[in-house]
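Novice: Okay, handing you the structure first.
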Amino acid sequence: MQERYDHKRIEKKWQKIWADEDAFKTFDDFEKEKYYVLEMFPYPSGKLHMGHVRNYAIGDAVARFKKLSGFNVLHPMGFDAFGLPAENAAIKNGIHPAIWTESNIAEMESQLRDLGLSYDWEREVVTCREDYSIWMQWLFIKFFEKGLAYKKDNPVNWCPSCQTVLANEQVVDGHCERCKTPVTKKHLSQWYLKITDYADRLLDNLAKLPGWPEKVKLMQQNWIGKSHGSEVTFTIEGFDKDLVVYTTRPDTLFGTTFMVLAPEHPFIEELIAGTEYEEAARASIAECAHKSELERTSLTKEKTGVFIGKYAINPINDKKVPIFIADYVMIDYGTGAVMGVPAHDQRDFDYATKFGLDIIPVVDTGDPDIDINNLKAATPAEGIMVNSGKYNGRNNKDVIDEITQDLADRGLAKATTNYKLRDWLISRQRYWGCPIPMIYCEDCGWVPEKLENLPIRLPKDVVFTGKGESPLTTSKYFMHTTCPCCGKPATRETDTMDTFLDSSWYHLRYCDPQNVTAPFDSKIVNYWMNVDQYIGGVEHAIMHLMYARFFGMFLYDIGMVDYEEPYQNLLTQGMVIKGYTNADGEYVKAKMSKSLGNVVSPEEIMDKYGADTARLFILFAAPPEKELDWSDEGVEGSYRFLNRVYRLVSEYINSIRTDEAAGEVVIRSDADKSLNYQLNATIKKVSEDAGGRFSFNTAISSIMELVNEMYKYKQSASVNQPLLRDAIEKMLIALNPFAPHITEELWAELGHEDRIYQCSWPQYDESALVLDEVEIIIQINGRLKDKIVVPNGSPKELIEERANHSEKVIEAIAGKTVVKTIVIPGKLVNFVVK
RNA sequence: GCCGGUGUGGCGGAAUAGGCAGACGCACGGGACUUAAAAUCCCGCGAUCCUAACAGAUCGUACCGGUUCGACCCCGGUCACCGGCACCA
């Protein structure tokens, strides 16, 4: 055995052995209990960063632990390989996106192998390859067939300088990500998926996900934004159509002093045509339309708008109120019209103040600091009704339903529900994405491509200018085709799909990755799904995790899978941060980023210390869901520990690699007993920490304690060889999920023919954890005063008796009265004295 | 503005069920080994006071208060920082 811990040699050696032995190949063994652990697959940007390493170190610890614990573990990896950076590289450097992407994938695969992660590489899924995109297109057609995919004209983000459409992700603080020009709106016809049909299920099912962080569930809940309210019908003086508003506060109807329409409201044209207000109104609407994204979302939120010369009649009291147009009202939420109640809504208050409109309080909060007849701001939610006719004097909460009902009886209101969630816009005017398999025919409209013609392939003869429409429009061959329905000449959709579609079902393809007749076989998927443990960054809390849930429900509805929720348990890992000195000379901590210069590359760490050290440090330094504060000294510490483990084995290799040492363990001395206790306590703790709450930091610290104990044990009079060997072996298995290479190496050095990955997780011996004597703490008034040792299982009376004899206790209670004595066997005695 | 989270030594963190606060690691200090250094091994390491020393005392988990024999943990309030959403009626 080499004396020095040579991480490079050992890690290379074992990575080769695992590959040669197909160590992590997974079989669809339906008889065995399965465990599916999944890490969010990466975008192939070029190289792994520490965030990736953390993600996969956590996932691999779980996978290896579950495999050792006897589960049939599915632990796959792949690449979310469509996306904008590849196309930008093409525009900038003239490299085809496919070539750029595949070369990045090759690089990252090699880095993943260097980390020694236990993936079944035969199940690799790469979303840009045809064997995946064919089924992506197939699934899109399913959505279309079920009426869940539709095309609609809608405003999109437009960069006037690049002359192109931008995805929301490409709009940074209202500016174009590339040229920094303020982004405006433009109308384009776009494909949508009807995720809003699933709003209630997406919301209600959150309750069925106890294994998800509360935080993520709340974020999704807020994003869906379900609210209960009423639609109330106002009439417009001298106009034959009714104006419907949505409100969550029908109790404030009597406080309505104006009405506001969104600039896009369909009534506006008729209301202003030919009036003296027409010109001003048109100017205001045009201004809104030309407002940049930046101005619209600006922090000042200065209210603008105009009076249009018309009045609405409030159905509750027949009062006439002026109608305005203002862009603080959104056309796509509620009805695009809002009743202005300045006394009880801050935005309405701001508007009324600016335009000199009446402010009528209708709910008196009873707060003596607020003069309701001279409000300085809108008042909060609860109080007694005033200025509200027959409802006066009652609590406002109690009249909400009644007012709606009273109006409903006259056909002027109805209770409704609204959502913030919008349908999912999936069209991207991009080349490097999955083609949308739809064809437009003058006669038949939008029809899906025939299944036998899938996949639609991305053409090679395209020009990447970064301008105008989708690059697919520049292909000579792509656009023109024939209608699958009637055979007439027709044109293909040239937009591609949002890459979030690809990542909404990849976990299913891993289950059956080589299927050539379907996206997956339901029987196989139903065995492996759902994902028992999903691990990734919290930045995907809303979009990816909501879209994947939506896909899950859709596939359930069309009978392809027998579950609704894809991810049973979710772990959102924290960021990797590192301290640096900022421009002001302060030492601060922030997420690793090139611009701050606080990046540590995984390659550099793996070269210097090896994958085992990198993984061990990452798992040890912080609990997985918290931020990880990178520390170069901390990495040294983890490396030192692995060296300590290596030396422990190498020092004893000759004495414990014998038949005698491999024999039965007999506990002889107190030192033996103590080591055996520590060993079993460690196994118990690691089993619970690694298996239950993923608290790898404490699991590793307990292994460190055990190793410290073994070093102390070496100094005891007579070393019990079988015991030491047993302890070393179990320690190696327990450490294996966190540092797989070194533990396999030492296992082999001990003379084993098998591998740790083939072993079973060690069981702990309860009887070894039962101590002969236990320490009891003695408190006076809850403060520690003394400790005594009593036989394990001593009754209360004996413990109290012994505690009474403690010299320190006698001294402390001298001259005082013991009012009460609390005895908790095995733990403590507390004397309450006065 | 709305919603959520966090606050423990010089640092990362531990205390899983209300019962010894600070496990484990880092940094630092001392010692052993060495011609020397590195590596390694051993010891110490919250603050203040006291003692020649051993020992001991008091305070201490952001701040103020409460419940309890006993609170980092539960309850009420305050402050700070971080994250998400945001003109959603």
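Novice: Quick test for you: out of A:Met546, A:Met560, A:Met529, pick the one residue that is open to solvent by less than 20 Å² (accessible area, probe 1.4 Å), over 21 Å from A:Tyr56 (Cα atoms) and in contact with a helix residue (DSSP H, G or I) (Cβ under 9 Å, 6 or more places away or on another chain).
Specialist: Every option except A:Met546 fails the conditions.
Novice: Further, regarding this structure: Within the range A:129-159, how many residues are open to solvent by 60 Å² or more (accessible area, probe 1.4 Å) and either part of a loop (DSSP other than H, G, I, E, B) or in contact with an Asp or Glu (Cβ under 7 Å, 6 or more places away or on another chain) (or both)?
Specialist: The qualifying residues number 2.
Novice: Would you be able to tell me the number of residues in the range A:785-811 that are within 12 Å of RNA strand B (Cβ to nearest atom) and either closer than 19 Å to A:Glu775 by Cβ or touching a Cys at 6+ places or on another chain (Cβ under 9 Å) (or both)?
Specialist: Total meeting the criteria: 9.
Novice: Sticking with this one: For the structure I just gave you, tell me whether A:Gly537 is within 30 Å of A:Met704 (Cα to Cα) and crowded, with 19+ Cβ neighbours inside 10 Å.
Specialist: no
Novice: Further question: Being under 13 Å from A:Val232 (Cβ atoms) and free of Cβ contacts under 8 Å to residues at least 24 places away in the same chain is the filter here, so list the residues in the range A:391-408 that pass it.
Specialist: Those that are under 13 Å from A:Val232 (Cβ atoms) and free of Cβ contacts under 8 Å to residues at least 24 places away in the same chain: A:Gln405, A:Asp406, A:Ala408.
Each row is one residue, and each column tells you yes or no for (1) outside any loop (DSSP other than H, G, I, E, B); (2) open to solvent by 30 Å² or more (accessible area, probe 1.4 Å); (3) acidic (Asp, Glu).
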position: A:Tyr580; (1), (2), (3): yes, yes, no
position: A:Gly585; (1), (2), (3): no, yes, no
position: A:Lys594; (1), (2), (3): no, yes, no
position: A:Asp607; (1), (2), (3): yes, yes, yes
position: A:Leu616; (1), (2), (3): yes, no, no
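Novice: Could you list all residues from the range A:403-439 that are basic (Lys, Arg) and either farther than 23 Å from A:Glu493 by Cα or in a loop (DSSP other than H, G, I, E, B) (or both)?
Specialist: Residues satisfying the conditions are A:Arg410, A:Lys414, A:Lys420, A:Arg422, A:Arg430.
Novice: While we're on this one: Looking at the range A:538-568 only, could you name the residues that are within 16 Å of RNA strand B (Cβ to nearest atom), under 15 Å from A:Phe500 (Cβ atoms) and in contact (Cβ under 8 Å) with a residue 40 or more places away in the chain?
Specialist: A:His540, A:Ala541, A:Ile542, A:Met543, A:His544, A:Leu545, A:Met546, A:Tyr547
Novice: Of all residues in the range A:777-803, count the ones that are open to solvent by less than 70 Å² (accessible area, probe 1.4 Å), touching a Phe, Trp or Tyr at 6+ places or on another chain (Cβ under 9 Å) and not in a strand (DSSP E or B).
Specialist: The qualifying residues number 1.
Novice: Further question: Identify all residues within the range A:80-117 that are of a type outside the set (D, E, K, R) and outside any helix (DSSP H, G or I); write none if there are none.
Specialist: A:Ala81, A:Phe82, A:Gly83, A:Gly94, A:Ile95, A:His96, A:Leu115, A:Gly116, A:Leu117
Novice: Sticking with this one: Under 8 Å between Cβ atoms, which residue pairs at least 6 apart in sequence (or on different chains) link something in the range A:272-290 that is of a type in the set (Lys, Arg) with a partner that is open to solvent by less than 60 Å² (accessible area, probe 1.4 Å) and part of a helix (DSSP H, G or I)?
Specialist: A:Arg282/A:Ile272
Novice: Here's a follow-up. Which residues, taken from the range A:320-360, are under 25 Å from A:Thr416 (Cα atoms), open to solvent by less than 60 Å² (accessible area, probe 1.4 Å) and either in a loop (DSSP other than H, G, I, E, B) or free of Cβ contacts under 8 Å to residues at least 12 places away in the same chain (or both)?
Specialist: Result: A:Ala326, A:Asp327, A:Tyr328, A:Val329, A:Gly334, A:Thr335, A:Gly336, A:Val341, A:Pro342, A:Ala343, A:His344, A:Asp345.
Novice: How about the range A:817-830: which of its residues are more than 7 Å from RNA strand B (Cβ to nearest atom) and either closer than 14 Å to A:Lys787 by Cβ or exposed (fewer than 12 other Cβ atoms within 10 Å of the Cβ) (or both)?
Specialist: Across the range A:817-830, the qualifying residues are A:Thr817, A:Val819, A:Gly826, A:Val829.
Novice: Also, I was wondering about something else. With respect to A:Lys16, is the statement that it is of a type in the set (Lys, Arg), on the phi < 0 side of the Ramachandran plot and without any contact (Cβ under 8 Å) to a residue 60 or more places away in the chain true?
Specialist: The answer is yes for A:Lys16.
Novice: Across the range A:703-734, what is the number of residues that are near RNA strand B (Cβ under 9 Å from one of its atoms) and under 25 Å from A:Ala748 (Cβ atoms)?
Specialist: Matching residues across the range A:703-734 total 6.
Novice: Being in a strand (DSSP E or B) and not basic (Lys, Arg) narrows it down to one of A:Tyr35, A:Tyr56, so name that one.
Specialist: It is A:Tyr35.
Novice: Has the range A:175-186 got any residue that is in a strand (DSSP E or B), surrounded by 14 or more Cβ atoms within 10 Å (Cβ to Cβ), within 16 Å of RNA strand B (Cβ to nearest atom) and charged (D, E, K, R)?
Specialist: Yes, that holds for at least one residue.
Novice: For the range A:667-680, give me each residue that is open to solvent by less than 30 Å² (accessible area, probe 1.4 Å) and either within 16 Å of RNA strand B (Cβ to nearest atom) or of a type in the set (Gly, Ala, Ser) (or both).
Specialist: Result: A:Leu675, A:Leu679, A:Asn680.
Novice: Taking the range A:187-197 on its own, how many of its residues are away from RNA strand B (no atom under 16 Å from the Cβ) and open to solvent by 20 Å² or more (accessible area, probe 1.4 Å)?
Specialist: Total meeting the criteria: 5.
Novice: Quickly run through the range A:634-666 and pick out the residues that are of a type in the set (S, T, N, Q), open to solvent by less than 70 Å² (accessible area, probe 1.4 Å) and more than 16 Å from RNA strand B (Cβ to nearest atom).
Specialist: A:Ser655, A:Thr658
Novice: Report whether or not A:Phe520 is hydrophobic (A, V, I, L, M, F, W, C) and either at pLDDT below 95 or assigned to a helix (DSSP H, G or I) (or both).
Specialist: Criteria not met by A:Phe520.
Novice: If you go through the range A:242-270 one residue at a time, how many are under 29 Å from A:Thr365 (Cβ atoms), β-branched (Val, Ile, Thr) and either in a helix (DSSP H, G or I) or within 11 Å of RNA strand B (Cβ to nearest atom) (or both)?
Specialist: Of the residues in that region, 6 qualify.
Novice: Also, I was wondering about something else. Condition first: open to solvent by less than 30 Å² (accessible area, probe 1.4 Å), part of a loop (DSSP other than H, G, I, E, B) and of a type in the set (S, T, N, Q). Can you find one or more residues in the range A:698-712 that meet it?
Specialist: no
Novice: Please verify whether the range A:228-235 includes one or more residues that are among the charged types (D, E, K, R), within 22 Å of A:Ile359 (Cβ to Cβ) and crowded, with 20+ Cβ neighbours inside 10 Å.
Specialist: No, the range A:228-235 contains no residue that is among the charged types (D, E, K, R), within 22 Å of A:Ile359 (Cβ to Cβ) and crowded, with 20+ Cβ neighbours inside 10 Å.
Novice: For the range A:652-672, enumerate the residues that are in contact (Cβ under 8 Å) with a residue 24 or more places away in the chain and assigned to a helix (DSSP H, G or I).
Specialist: Selection gives A:Tyr652, A:Ile653, A:Ser655, A:Ile656, A:Ala671, A:Asp672.
Novice: Which count do you get for residues in the range A:287-300 that are under 17 Å from A:Val329 (Cβ atoms), modelled with pLDDT of 65 or more and either away from RNA strand B (no atom under 12 Å from the Cβ) or within 38 Å of the chain's Cα centre (by Cα) (or both)?
Specialist: Result for the range A:287-300: 3.
The values are calculated or read from the model by the stated rules, or taken from the named source; none is laboratory data. Because the structure is predicted, anything quoted here is derived from the model rather than measured. Cβ sites come from the backbone with ideal geometry, for glycine too, and all protein chains shown count toward neighbours. Each accessible area value is taken on the protein alone, full model and side chains, heavy atoms only, with ligands, DNA and RNA left out. Shrake-Rupley method; radii C 1.70, N 1.55, O 1.52, S 1.80 Å.
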